[in-house]
Amino acid sequence: MSAPADRQAYQELELLVRNLGEEIASFRSTLRALRQQGIDIHVVIVPVHTGYIAAHPHGAADYDAWRRAVTRAARAEGVP
């Protein structure tokens, strides 16, 4: 990846981290809507490449925060 591409990827990831609260709210809204329609839901967090984790502004700490937020949101909505 070139330096400009690295900067762009970093900026995109930074934006994603900043918008985590909005993303989780949308995620929860989607879970509620699916459940209201009687659709069974299971949330699966698959393993990711270490390069993906390293690309986050704060590395594993950002990824772990996201994973905890998703898990908490799913549980709050009654989704395994």
Calculate the spin-label point distance for Tyr52 paired with Ser29, positioning each point 7 Å from the Cα along the beta-carbon direction, and give it in nanometres. 2.5 nm
Ratio for segment 15-80, C-alpha Rg to 2.2 N^0.38 Å, reads 1.21
Most to least packed among 38-45, 58-65 [average Cβ atoms within 10 Å]: 58-65, 38-45
Within segment 25-48, the residues whose backbone N lies under 18 Å from a label point placed 7 Å from the Cα of Ala60 along the Cα-to-Cβ direction are 46-48
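Bear in mind these aren't lab numbers, they're just calculated from the coordinates by the rules spelled out. Note that the structure is a prediction, hence the values are computed from the model and not measured. Note that each Cβ is placed from the backbone with ideal geometry, even for glycine, and that neighbours are counted across all protein chains shown.
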